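The values are calculated or read from the model by the stated rules, or taken from the named source; none is laboratory data. Keep in mind that this is a model prediction, so the values were computed, not measured. Positions of Cβ are backbone-derived with ideal geometry, glycine not excepted, and every protein chain shown enters the neighbour counts.
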Amino acid sequence: MAFRHELQAKYPDWGNAPVRSFGNLDAGLLIVGLAPGMKGANRTGRPFTGDYAGDLLYSTLLKFGFAQGTYRADPNDGLHLVGCRIANAVRCLPPENKPLPIEFTACRPFLQAELAMMPNLKVILALGKGAHDQILRALTVRPAGSYPFIHSRLHALPTGLHLADSYHCSRYNTNTGRLTTEMFHDVFEKIRHVLK
């Protein structure tokens, strides 16, 4: 909280507030990231908007028909999602981009409410292990160890939902080659197949 107030004073024209989810509740796909990025969603108020991760994510959503319009890293760019919604496990920017257990616990009810309000949900895409773990906790899936985080793995959960895993589309992962555009697209190919 103190960190957010510090940023509000330093950057008064930024959002610096809890970031709401983006997309319709009737979507079949929910994408869950870890937390808002400082110069991305924390600044713009829209998930994955204004940072490198958003460039890769939104271009991929456009390619696979989960978005329409033009992504310009601006929440007023007119881009809208199709059959897809985007949320974060933690709704506020954490210091050093590393959420603490207390932040996950405090924000879990928001993720649980999100899941409960999506009647057509079939697939949840976890961007990174942190999001993967929080999704399993939000769904109270046990034993969680039966569903390990593995890039491009698609888990059939006992809830009837599918959990898809991807390395986070951060600049760090793409610059180091841990995640390539082709690897990211492969995950969406699998998701598309489940949603048919």
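Of all residues in the range 15-56, which are without any contact (Cβ under 8 Å) to a residue 24 or more places away in the chain and either outside any loop (DSSP other than H, G, I, E, B) or surrounded by fewer than 18 Cβ atoms within 10 Å (Cβ to Cβ) (or both)? Residues satisfying the conditions are LYS39, GLY54, ASP55. Of all positions in the range 81-96, at least one carries a residue that is under 20 Å from VAL194 (Cα atoms) and part of a loop (DSSP other than H, G, I, E, B). Looking across ARG171, ARG192, ARG178, one residue alone is surrounded by fewer than 17 Cβ atoms within 10 Å (Cβ to Cβ), within 15 Å of LEU34 (Cβ to Cβ) and among the basic types (Lys, Arg). It is ARG171. Annotation note: of PRO95, PRO12, PRO101, the sole residue that is exposed (fewer than 15 other Cβ atoms within 10 Å of the Cβ), over 17 Å from the mean Cα position of the chain (by Cα) and at pLDDT 90 or above is PRO101.
Restricting THR70, THR140, THR105 to residues that are touching a Leu at 6+ places or on another chain (Cβ under 7 Å), free of Cβ contacts under 8 Å to residues at least 12 places away in the same chain and among the hydroxyl-bearing types (Ser, Thr, Tyr) narrows the list to THR70. Output the qualifying pairs, or none if there are none: Cβ atoms under 6 angstrom, residues six or more apart or on different chains, first residue in the range 157-179 and more than 18 Å from ILE31 (Cα to Cα) and in a loop (DSSP other than H, G, I, E, B), second residue aromatic (Phe, Trp, Tyr) and at pLDDT 95 or above. Pairs found: ARG178/TYR167.
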